[in-house]
Amino acid sequence: MPDPKPTIDTDLVRRLVNAQFPQWRHLPVSPVTFGGWDNRTFHLGNDMTLRLPSAAPYALQVEKEHRWLPRLAPLLPLPIPGCVRQVLQNGAAMMLVMRLGAERASCARAGR
């Protein structure tokens, strides 16, 4: 049985950026160390982050987040990153979002 999780690495993300976002092809791509389970996350330059679902069932979340996060953002106590672009084609999904900052969250910083 084939592995349902695709290999998502920097080379793949670079090819996707070149094809989908040629205006940002000059920006460096680097993986986020702790990118999560549902998504693989990569920095694109200093201000943007690319999130790609790690498996087909998670692809539906891209459209859902693109639709709901802007509606929920004004109601939440913390800032929510804005979606710059959403790509859904041929069963592939990807979301490009603005980064809110480079500071890493921690329980100590949150006062826990």
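The values are calculated or read from the model by the stated rules, or taken from the named source; none is laboratory data. All figures in this text were calculated on a predicted structure; none of them were measured in a lab. Here Cβ is always computed from backbone atoms with ideal geometry, including for glycine, and neighbour counts include all displayed protein chains. In case anyone asks, the SASA skips ligands and DNA or RNA and just uses the protein heavy atoms, side chains included. Shrake-Rupley method; radii C 1.70, N 1.55, O 1.52, S 1.80 Å.
At 1.4 Å probe size, with every protein chain present, just tell me what the per residue accessible area of region 1-74 comes to in Å². If you can, show how the numbers build up before the last one.
On the way: 4820 Å² over 74 residues.
Ligands and nucleic acids excluded, the result is 65 Å² per residue.
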According to a simple spin-label model (label point 7 Å from Cα along Cα-to-Cβ), what is the distance in nm between residue 76 and residue 10? 2.9 nm
What distance in nm lies between label points placed 7 Å from Cα along the C-beta direction at residue 60 and residue 37? 1.8 nm
Per the 1.4 Å probe, what fraction of the accessible area of region 3-55, in percent, lies on carbon and sulfur atoms? 55 percent
Which cross-chain or sequence-distant (5 or more) residues have an amide H under 5 Å from the amide H of residue 32, H modelled 1.01 Å from N in plane? 41, 42, 43
